Amino acid sequence: MNYLKIMDKMLKNSRIYYNIALYYKLKFNNLMKKITCIALAMLLSLSFSLKAGNYNGFKVSIYITASDVDKMQNTKWLDSVWTTISSRLKVDKVFIETYRDGLYTNEAALVAAKKFFSAKKIEYSGGITFTQKGDGKFMTFCYTTPEGRAEVKKISEITAKHFDEFILDDFFFNSCKCEHCTAAKGDRSWTDFRLELMNDAAKNLVVDAAKAVNSKCKVIIKYPNWYEHFPALGFDLGAEAKLFDGIWSGTETRNPDGEQHLQAYLSYEIIRYLSNIAPGRNGGGWVDPYGMAYADRYAEQLWLTLFGKAPECTLYQFSDVQRPVSSNSKGKWQGTGTSFDWDKMGEKPTIASVAAQAFEGVDKFYSKLGNPVGIKSYKPVNSVGDDNLQNYLGMAGLPIEMVPEFPSDAKLVLLTEQAAYDKDLITKIKKQLKAGKEVMITSGLLSLIQKELGDIVELRINEKRAFVNDFGRYGKSAEKMIVPQVLYYTNDAWEDIPVIDKGVAGWPLLMQARYENGALWVLTIPDSYADIYALPQGVLNRIRTVASPDLPVRLEGPDNVSLFVYDNGTFIVESFRDEPLKVKVIVDDSKQISDLLDGSVIESTPAMAGRTWLRTTASRANAFEIELKPHSYRVFKK
């Protein structure tokens, strides 16, 4: 074998090998002739270890809790378990926990775990869960007592000693109401007290304490899925996002009938919002396998996380990834060619099997997606109101991009009750309208600012409600729903979508009003957000048309179908329904779209463009009919 020729070939493929090989070729020509095949294999192994990861553009990690880390002193057990996991799922990284629920991980186990994963070429970081043993429910630390504060600091220091990076599981908040906390709170609200308390703890007990031990240590905070209620428990997205070296996003949505009642769209939307709060520092999403009635629901959470362009997806946790998937979680729609295919998992499927299929599916197109874009909805940092409404709208086919600053560059801005936290809101609305742009506010926000809004348009909203199902030319819902009654002055504002009661009385579900060069829209939200899904297709289509001037594509179809749009002409349509269906996407500037997964091309059919008041639109648009399997997505490029 001519080893010099082999090395010359390697020179063309790797700069690293070029430097190494050139040195030996010039200085040790005779020695190079004696290189064995084993040495070459070692070099090729090095090449493999230097590649970016197992997936094209994103990473997959697993969080390991303290109780599992403690077992890792038994390397035979660890090797056996890891072989089982890695045979089903490609993993790039693990988080090794040092503390949880009063349990400190054994130091020897930490060292053994680090050594094991390093040998496997798996990245690792540390992890902490700041919880104490409780009464069956999670018990946070008390951050007012000297003892509690000292222990938090100690845990941070221990972790920084072992790791150059660690993440806080999402219990770094305060729900304690002991006598020490109630005394320290004084006359302040719990929200104000806890925000100040936890900002102090974050800086002095965690970040500064860790860096005092290990100046290279990076500290990441993982935020939970319940972002609407963060400030009440001490999570400060404003201060903390700047203090910590990075953030992480809880994208576990589980089933909507669970105790949190989270909509599936949140798995995407929280990635977008936190990425807009901390650009470039939102490290990824985090999904657990709990509270799911069917396996597809777990897969959906994973791929929605990645639809939001999360650079990493963390699976919680090591023991659960090995857990078998019960046949009871097989959806009735399985066997019809859905995005998640139960039969492809093979015999004895586990949580890892479901995750692997979800990741492998997204891996085919993740790198082809541009940056996500959507209807910009302004949610000031630490604001509350219209809880999770954007996620219901996302499930109704409106692509939403929540932002922490007023988006003056948008053609249309969506404002919910949350926007009332901005004391300069009316000034910003006026400026937007004067510039010839549009603002859409919810009836909830109207109820909070109707007096101040009177300088733009005089509207009235009070406690009166209507019980209706008739929306005029836009159709009827199967059941009646309760909606607020918004009153306006004829010819000062105009009804766009009506709600009609018994054919003789009515109020607007969507209305518009002119102010200088722009248009203000008021969207009436049903008392129960679930009724958004009961709105007729005609109503949903009209709302989508009005709200989407910033988007190159919009959806026509029923509820529980979502649209994800990117700035490079790609988009995803996903159905969360249990039955197959057909929907339409409307694209103004393209005669055909191509499916990025199967390569098929869909030709357009002419459609009337969506006309809106004061907005210049083409007379015709291009419609594309798309077939969707249950709980499945399709990816297109126009």
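The values are calculated or read from the model by the stated rules, or taken from the named source; none is laboratory data. Just so it is clear, the structure is predicted and the values come from calculations on it, not from any experiment. Cβ coordinates were reconstructed from backbone atoms using ideal geometry, including for glycine residues, and neighbour counts include every protein chain displayed.
Odds and ends about this structure:
- Breaking point among (1) within 19 Å of residue 230 (Cβ to Cβ); (2) in contact with a Pro (Cβ under 6 Å, 6 or more places away or on another chain), for residue 298: (1)
- Tally, over the range 577-586, of residues that are among the charged types (D, E, K, R) and either part of a strand (DSSP E or B) or crowded, with 23+ Cβ neighbours inside 10 Å (or both): 2
- The residue that is surrounded by the most Cβ atoms within 10 Å (Cβ to Cβ), counting only those in the range 107-155 that are among the small types (Gly, Ala, Ser) and in a helix (DSSP H, G or I), is 113.
- In a residue-by-residue description of the range 289-299, the property of being at pLDDT 95 or above, of a type in the set (A, V, I, L, M, F, W, C) and touching a strand residue (DSSP E or B) at 6+ places or on another chain (Cβ under 9 Å) applies to no position.
- Within the range 150-168, the set of residues being over 19 Å from residue 101 (Cβ atoms) and of a type in the set (Gly, Ala, Ser) comprises just one member, 160.
- Members of the range 352-395 that are under 16 Å from the mean Cα position of the chain (by Cα), aliphatic (A, V, I, L, M) and in a loop (DSSP other than H, G, I, E, B): 369
- Any hit, the range 457-476, residues being in a loop (DSSP other than H, G, I, E, B), under 21 Å from residue 412 (Cβ atoms), in contact (Cβ under 8 Å) with a residue 24 or more places away in the chain and over 31 Å from the mean Cα position of the chain (by Cα): yes
- Scope the range 487-526; condition over 17 Å from residue 471 (Cα atoms) and surrounded by fewer than 16 Cβ atoms within 10 Å (Cβ to Cβ); matching residues: 489, 490, 491, 492, 516, 517
Matching residues to (1) among the small types (Gly, Ala, Ser); (2) without any contact (Cβ under 8 Å) to a residue 12 or more places away in the chain:
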{"site": "548", "(1), (2)": "yes, no"}
{"site": "560", "(1), (2)": "no, no"}
{"site": "587", "(1), (2)": "no, no"}
{"site": "600", "(1), (2)": "yes, yes"}
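- Candidate set: the range 287-305, residues that are hydroxyl-bearing (Ser, Thr, Tyr) and buried (at least 24 other Cβ atoms within 10 Å of the Cβ); chosen: the one farthest from residue 353 (Cα to Cα): 305
- The set of residues from the range 172-192 being touching a Cys at 6+ places or on another chain (Cβ under 8 Å), surrounded by 17 or more Cβ atoms within 10 Å (Cβ to Cβ) and part of a helix (DSSP H, G or I) comprises just one member, 181.
- In the set 396, 352, only one residue is surrounded by 22 or more Cβ atoms within 10 Å (Cβ to Cβ), within 30 Å of residue 432 (Cα to Cα), at pLDDT 95 or above and of a type in the set (A, V, I, L, M, F, W, C); that residue is 396.
- Residue list for the range 421-452, filter: of a type in the set (A, V, I, L, M, F, W, C), touching a strand residue (DSSP E or B) at 6+ places or on another chain (Cβ under 7 Å) and part of a helix (DSSP H, G or I): 429, 433, 445, 446
- Leading residue by the ranking (farthest from the chain's Cα centre (by Cα)) among those in the range 434-456 that are closer than 17 Å to residue 495 by Cβ and hydroxyl-bearing (Ser, Thr, Tyr): 443
- Members of the range 429-472 found to be surrounded by 20 or more Cβ atoms within 10 Å (Cβ to Cβ) and at pLDDT below 95, listed by number: none
- Per-region count, the range 265-282, residues buried (at least 24 other Cβ atoms within 10 Å of the Cβ) and not in a helix (DSSP H, G or I): 2
- Answer from 243, 195, 205 - the residue that is buried (at least 18 other Cβ atoms within 10 Å of the Cβ) and within 28 Å of the chain's Cα centre (by Cα): 195
- Sole residue being within 21 Å of the chain's Cα centre (by Cα) and more than 27 Å from residue 621 (Cβ to Cβ), chosen from 529, 515: 529
- Residue match in the range 396-418 (condition: aromatic (Phe, Trp, Tyr) and either assigned to a helix (DSSP H, G or I) or over 29 Å from residue 275 (Cβ atoms) (or both)): no
Yes or no, residue by residue, for (1) modelled with pLDDT of 95 or more; (2) among the basic types (Lys, Arg); (3) in contact with an Asp or Glu (Cβ under 7 Å, 6 or more places away or on another chain):
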| site | (1), (2), (3) |
| --- | --- |
| 189 | yes, no, no |
| 203 | yes, yes, no |
| 217 | yes, no, yes |
| 228 | yes, no, yes |
| 236 | yes, no, no |
| 253 | yes, no, no |
| 268 | yes, no, no |
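- Residue 262 meets all of the listed conditions (1) among the hydrophobic types (A, V, I, L, M, F, W, C); (2) assigned to a loop (DSSP other than H, G, I, E, B); (3) farther than 30 Å from residue 561 by Cα but one, namely (3).
- For the range 426-473, a tally of residues being closer than 21 Å to residue 542 by Cα and acidic (Asp, Glu) returns 2.
- Residues in the range 319-351 that are out of contact with any Ser or Thr (no Cβ under 8 Å at 6 or more places or on another chain), small (Gly, Ala, Ser) and not in a loop (DSSP other than H, G, I, E, B): 327, 329.
- A count restricted to the range 542-576 and to residues that are buried (at least 22 other Cβ atoms within 10 Å of the Cβ) and either polar (S, T, N, Q) or modelled with pLDDT under 95 (or both) stands at 3.
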